[in-house]
Amino acid sequence: MASAPGVNYLNEKSGLWSWLTTLDHKRIGILYMISVMIFFAIGGAFAMLIRYELFAPGSQLVDGATYNRYMTFHGAIMVFMVIIPGIPAFLGNFIMPIMLGAKDVAFPRVNLMSWYCLMIGATVAFISLFYNGVDTGWTFYTPYSITTKNGTTWMVVGAFIIGFSSILTGLNFIATVHKLRAPGMSFWRMPLFVWSLYSTAILQVLATPVLAITLVLLLMERLMLVGIFDPALGGDPVLFQHFFWFYSHPAVYIMILPAMGVVSELIATYSQKTIFGYKAIALSSVGIAAVSFFVWGHHMFVSGQSEVAGVVFSFITMLVGVPTAIKVFNWTATLYKGSVKFDAPLLYALGFLFLFTIGGVTGIILAVVGVDVHFHDTYFVVAHFHYVMVGGTLMAIMGGIFYWFPKMFGRLVHDGMARLSFVLIFAGFNVTFFPQFILGANGMPRRYFDYIPAYESLNKISSIGAWTIGIGFLVGLFVIIHGLLRGEKAGPNPWNSRTLEWQTPSPPPHENFITQPVVTAGPYEYR
Amino acid sequence: MSSASSTASHFMPFAATKIAAGVDSLYYFLLVASFISCVLVIGGLIWFAVQYRRKYEGQKTAYISHNTALEFLWSFIPFVIFMVVFVWGWIVYYQLRSMPENGLEVAVTAQKWNWTFTYKNGRKSQGTLTVPIGQDVKLIMTSSDVLHSFYVPAFRNKQDVVPGRYTALWFRAEHEGSYNLFCAEYCGDQHSGMLGKVNVVSREKFDEYLGTEPYKGLTPVEIGQKVYGGACIACHGLTVNDVKPLKLGPTFYMLFGRKESLADGSTVDVDEDYLRESIVNPNAKVVKGYDAGVMPTYAGQLDEDEIMGLIEFIKTVK
């Protein structure tokens with residue numbers, strides 16, 4: 001169905017109902033964008049409250065019980081509702097089918113259903129905000145989560161439902177990659193963003209059901225007193241950690257692999273250069289996904305699991321480091337003899353590489369089992385995973401939004417303002433989280449509402465940095481709104497990129513392409 | 001030992017055991033290796049980005065798809081480094097977890113939100129573990145409620161304390177001093193208040209400590225004051241202002257002898273019997289405005305002298 005000129009996915013139908021019942025992957029991507037941004041604002045507000053409370057020792061704002069709820073909401077919202085759906089379900093949904101030259105994903109109805117799963121799950125989880133709170137931390141460790149108050153049930157049920165959103169998206173993406181590639185689009189001609197989403201989808205489909213089962217067992221124990229994890233009922237609390245991390249470690253890669261895909265696209269486009277080691281990057285995504293199933297025990301070095309297990313998990317964790325390092329080297333090498341343009345998306349990609357490298361080397365430090373015994377459950381870990389999750393994934397989301405914004409909305413963002421948002425977020429991020437490495441090395445445990453006076457000055461620096469990040473994201477929001485309303489009109493390919501999504505009008509028509517594209521070359525043929 | 005609790009401005013806290021010094025050596029190696037890697041990668045990144053910045057539109061770029069030798073090298077070199085630090089970490093871990101045969105054994109019970117240490121001769125201590133310098137000490141630990149984690153930064157050692165099973169941790173302190181003990185596994189409202197101390201003292205002082213009756217020559221009120229400082233202080237205050245949200249439990253200020261309103265709407269006279277019940281069965285009568293299930297039972301944690309002393313102490317808080 002060829003569309004008339006000027007008709008695109010945004011204006012072909014109008015009204016709220018047309019959005020809520022849409023089967024167009026692009027519109028569903030925008031629905032995800034709006035929901036994830038709202039969840040991010042809520043999770044971010046809790047982060048600001050946490051840093052306000054930790055500005056000084058003692059109680060600044062709330063008591064320990066309330067702080068623990070803030071800490072739990074921040075973690076659970078950011079993990080389950082922002083970072084996991086952030087790139088695959090929002091950017092991936094919008095871009096991936098176009099990158100493949102497809103009209104839509106393989107199962108458009110399932111795609112819409114996965115968004116509703118996220119929204120229903122989020123609504124149920126948010127009930128716990130008002131109903132007695134939930135104070136277990138996002139990890140729901142037993143037996144604490146069995147014995148604490150009722151709000152926990154809502155959050156657990158919410159996470160269970162959100163899990164289906166993730167599974168369905170993964171299923172859809174696997175089918176789309178296998179069945180809907182345009183003529184000529186062989187696997188080795190797929191953009192690296194697609195490769196990363198494909199690896200992620202495998203993880204989503206295989207790992208998330210384990211979380212679902214674990215949460216059901218937890219609920220059975222909470223509500224029906226079936227003894228599984230609570231020793232008072234004859235259960236084993238460490239078993240819960242095995243189950244939980246069997247999902248949640250692969251989940252870490254559900255969060256970071258798509259970000260790596262985004263960065264590959266940004267680096268290639270803004271240096272106008274063939275990606276260095278395309279196959280190595282593509283296969284390292286699959287390799288990371290495979291190995292990530294066998295490293296969960298590094299979250300449990302001091303949990304009471306056996307010493308042998310500790311050493312084995314330390315070894316396998318080192319193996320994940322290798323493909324990760326390969327990617328970083330390849331991106332760096334891609335810039336060599338390129339034509340590098342410092343637009344905001346590239347700055348975000350370079351920011352990603354900077355912060356992810358620090359997150360990566362500190363990950364190796366934590367994988368060294370003899371050293372982790374000291375660092376485990378301290379602020380060193382908090383700093384490490386924020387360097388990976390925020391410094392990595394959120395940097396990539398921001399870069400990806402500004403990069404694909406012209407494609408999504410047909411308008412350019414104000415690049416100067418977007419660069420300002422980068423500077424604020426990047427600087428604020430380092431001010432916030434670098435001191436936390438030092439705090440952790442000096443022994444400050446995580447999830448502390450109060451701390452001894454020795455830790456005060458570094459916590460103050462950290463809080464000031466956090467507010468800088470907050471301002472940076474507000475600037476980013478302003479850039480998006482300004483771009484929507486006032487942005488300059490964009491052509492089909494403002495960045496002179498070679499991937500397929502730029503070879504169709506901006507915004508694309510309902511079925512993505514006016515005529516069916518035929519692929520004759522790889523995605524990064526800049527010659 | 002001033003360095004044990006000085007400001008958090010060093011790379012690592014004071015190292016009070018030989019193994020801690022070993023952990024530090026490995027950590028410093030990792031830090032230097034990490035720093036060099038970061039300088040190479042991030043430096044290369046910035047160098048390339050600036051060196052090859054776009055000078056004019058349509059600028060031609062080199063077409064370099066891959067370089068097998070280079071790619072092998074930068075996969076192999078990190079792999080070798082990772083294996084070196086893995087084995088080194090394994091050795092340190094082996095030392096941390098190889099239990100001594102003839103150590104001083106101390107039983108540790110964690111509960112929300114304090115630590116109880118019991119020596120072989122029956123001596124008990126709340127919150128403070130006193131050990132002799134230069135002797136292997138083995139802690140046999142369990143929890144009476146949720147997960148906790150025994151963590152002494154100065155020893156670079158940590159072990160989760162799990163209800164329903166025993167976990168163990170050992171150390172040999174080589175420097176006298178008073179070291180922070182943290183709970184490092186999230187355990188609820190007062191998780192960050194579950195603090196303790198490990199006092200490392202000379203052999204003579206330790207023998208003296210172990211041999212003396214902890215409450216010898218003390219009046220019941222003085223006994224109660226000691227018990228309060230170890231077991232109650234995290235949640236119960238002594239002034240009129242020590243109420244929610246500052247403290248989780250009701251204040252002891254002017255408590256004895258008054259009529260207390262309960263959560264179920266009834267009232268109760270605060271007498272010795274009520275106080276005793278609140279210590280051993282705290283959820284039987286919950287004060288209005290406070291939650292059931294927050295305070296754990298102290299039955300078995302405190303003996304009769306201590307409970308009696310505590311009640312006498314509460315009577316004096318005015």
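Quick grid of which residues meet (1) among the basic types (Lys, Arg); (2) within 19 Å of the chain's Cα centre (by Cα); (3) under 25 Å from A:Glu501 (Cα atoms); (4) at pLDDT 95 or above:
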site: A:Cys117; (1), (2), (3), (4): no, yes, no, yes
site: A:Ser128; (1), (2), (3), (4): no, no, no, no
site: A:Trp138; (1), (2), (3), (4): no, yes, no, no
site: A:Asn150; (1), (2), (3), (4): no, no, no, no
site: A:Phe164; (1), (2), (3), (4): no, yes, no, yes
site: A:Phe173; (1), (2), (3), (4): no, yes, yes, yes
site: A:Trp195; (1), (2), (3), (4): no, yes, yes, yes
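Sort through A:Tyr448, A:Tyr403 and tell me the only one that's touching a Ser or Thr at 6+ places or on another chain (Cβ under 8 Å), within 27 Å of A:Leu350 (Cα to Cα) and either within 9 Å of chain B (Cβ to nearest Cβ) or in contact (Cβ under 8 Å) with a residue 60 or more places away in the chain (or both).
A:Tyr403
Would you call A:Val423 farther than 26 Å from A:Pro323 by Cβ, more than 9 Å from every other protein chain (Cβ to nearest Cβ) and either among the small types (Gly, Ala, Ser) or in a loop (DSSP other than H, G, I, E, B) (or both)?
Working: farther than 26 Å from A:Pro323 by Cβ: yes; more than 9 Å from every other protein chain (Cβ to nearest Cβ): yes; either among the small types (Gly, Ala, Ser) or in a loop (DSSP other than H, G, I, E, B) (or both): no.
Against the criterion (farther than 26 Å from A:Pro323 by Cβ, more than 9 Å from every other protein chain (Cβ to nearest Cβ) and either among the small types (Gly, Ala, Ser) or in a loop (DSSP other than H, G, I, E, B) (or both)), A:Val423 does not qualify.
Is there a residue in region B:162-174 that is within 10 Å of the chain's Cα centre (by Cα), in contact (Cβ under 8 Å) with a residue 12 or more places away in the chain and within 28 Å of A:Phe140 (Cβ to Cβ)? If you could, list the steps in order and put the result at the bottom.
Narrowing region B:162-174 to residues within 10 Å of the chain's Cα centre (by Cα): none.
Within region B:162-174, none of the residues are within 10 Å of the chain's Cα centre (by Cα), in contact (Cβ under 8 Å) with a residue 12 or more places away in the chain and within 28 Å of A:Phe140 (Cβ to Cβ).
Give me the strands (runs of 3 or more DSSP E) completely within region B:117-160, filtered to those with at least 3 residues that are under 12 Å from the mean Cα position of the chain (by Cα), not assigned by TED's automatic domain parsing to the domain that holds B:Val294 and not aliphatic (A, V, I, L, M), ordered by residue number.
Fully inside region B:117-160 and qualifying: B:148-152.
Hey, could you check region B:175-190 for residues that are in contact (Cβ under 8 Å) with a residue 60 or more places away in the chain, within 9 Å of the chain's Cα centre (by Cα) and within 26 Å of A:Pro143 (Cβ to Cβ) and say which is surrounded by the fewest Cβ atoms within 10 Å (Cβ to Cβ)? Break it down stepwise before answering.
From region B:175-190, those in contact (Cβ under 8 Å) with a residue 60 or more places away in the chain are B:175-181, B:183, B:187-190; that's our starting set.
Imposing the further condition that a residue be within 9 Å of the chain's Cα centre (by Cα) reduces the set to B:180-181, B:183.
Still in the running and within 26 Å of A:Pro143 (Cβ to Cβ): B:181, B:183.
Numbers: B:Leu181: 21, B:Cys183: 28.
Checked region B:175-190; the qualifying residue surrounded by the fewest Cβ atoms within 10 Å (Cβ to Cβ) is B:Leu181.
Take B:Tyr93 and tell me if it is in contact with a strand residue (DSSP E or B) (Cβ under 7 Å, 6 or more places away or on another chain) and either in the same structural domain as B:His175 (by TED's automatic domain parsing) or surrounded by 15 or more Cβ atoms within 10 Å (Cβ to Cβ) (or both).
no
Just give me the residues in region A:480-505 being over 26 Å from the mean Cα position of the chain (by Cα) and in a loop (DSSP other than H, G, I, E, B), in sequence order.
Restricting attention to region A:480-505, the residues satisfying the condition of being over 26 Å from the mean Cα position of the chain (by Cα) are A:485-494, A:496, A:503-505.
Result: A:Gly487, A:Glu488, A:Ala490, A:Gly491, A:Pro492, A:Asn493, A:Pro494, A:Asn496, A:Thr504, A:Pro505.
Going through region B:84-125 one residue at a time, which ones are within 14 Å of another protein chain (Cβ to nearest Cβ) and among the basic types (Lys, Arg)?
B:Arg97, B:Lys112
For region B:58-72, state whether one or more residues are in contact with a helix residue (DSSP H, G or I) (Cβ under 7 Å, 6 or more places away or on another chain), among the hydrophobic types (A, V, I, L, M, F, W, C), closer than 23 Å to A:Thr317 by Cα and surrounded by fewer than 16 Cβ atoms within 10 Å (Cβ to Cβ).
For region B:58-72, residues in contact with a helix residue (DSSP H, G or I) (Cβ under 7 Å, 6 or more places away or on another chain), among the hydrophobic types (A, V, I, L, M, F, W, C), closer than 23 Å to A:Thr317 by Cα and surrounded by fewer than 16 Cβ atoms within 10 Å (Cβ to Cβ): absent.
This table checks each residue for (1) at positive phi; (2) of a type in the set (Phe, Trp, Tyr).
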position	(1), (2)
A:Phe380	no, yes
A:Pro435	no, no
A:Gly443	yes, no
A:Ala466	no, no
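Being among the β-branched types (Val, Ile, Thr) and at the interface with chain A (Cβ under 7 Å from one of its Cβ atoms) is the filter here, so list the residues in region B:44-82 that pass it. If you could, list the steps in order and put the result at the bottom.
Going residue by residue through region B:44-82, those that are among the β-branched types (Val, Ile, Thr) are B:46, B:50, B:61, B:64, B:68, B:77, B:80-81.
Scanning region B:44-82 gives B:Thr61, B:Ile64.
The values are calculated or read from the model by the stated rules, or taken from the named source; none is laboratory data. Quantities reported herein were computed from a predicted structural model and do not represent experimental measurements. Positions of Cβ are backbone-derived with ideal geometry, glycine not excepted, and every protein chain shown enters the neighbour counts.
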